[in-house]
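The values are calculated or read from the model by the stated rules, or taken from the named source; none is laboratory data. Being a predicted model, the structure only gives us computed values, none of them experimental. Here Cβ is always computed from backbone atoms with ideal geometry, including for glycine, and neighbour counts include all displayed protein chains. These accessible areas exclude ligands, DNA and RNA; they are computed on the full protein's heavy atoms, side chains included. Shrake-Rupley method; radii C 1.70, N 1.55, O 1.52, S 1.80 Å.
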Amino acid sequence: MSTPFENIPLWAAIPIGGLLVVGAFLTLVGAIGFLRMGSFYERIHAPTLGTSGGIGAIMVASMIFFSTSTHSLVIHELLIGIFVTVTTPITFMLLARAALHRDRAEQNGNVPPKNARGESSAEGPLP
């Protein structure tokens, strides 16, 4: 049913290849950022960007490829993209909050105090 890779038209093959290269590059940058950063709090940011951007580009390339090879609109990859885009930052935020809570409970000196700028306190927001 599906068309072999050689029969994909050039007008579709060029954006597919470009998006795959961009997606792989963003994922590689996220992985390198994960390895280079020192602390857990610094490491949390790079994989989020790499995963969301890299998966987005690869997902669009997949949509173009399967839409041209099956001669019908294939958009079910959008669900994958929505789930990755929504769940990855939320998961990393929850991991960071859990690590922050653990470090504060252990009285680690490398974390911000509880009433730092931007966090709410019992008295209300900071001026």
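Computed from the Cβ-Cβ distance with R0 of 30 Å, the FRET efficiency linking Arg36 to Arg104 stands at 0.70.
Projecting label points 7 angstrom from Cα along Cα→Cβ for Ile80 and Leu95 puts them 2.1 nm apart.
Over all pairs of distinct alpha carbons, what does the Kirkwood formula give as the hydrodynamic radius of the chain, in Å? Don't skip to the end; give the middle numbers.
Values: mean 1/r = 0.0570 Å⁻¹.
That comes to 17.5 Å for the chain.
Rolling a 1.4 Å probe over the protein chains gives Met37 an accessible area of about 80 Å².
Look at the dipole of the chain built from charges on Cβ: of Ala99, Leu10, Val74, the Cα furthest out on the positive end belongs to Ala99.
Overall, the accessible surface of region 10-106 at a probe of 1.4 angstrom is composed of carbon and sulfur to the extent of 79 percent.
Based on protein heavy atoms only, the chain ends up with 71 Å² per residue of surface accessible to a 1.4 Å probe.
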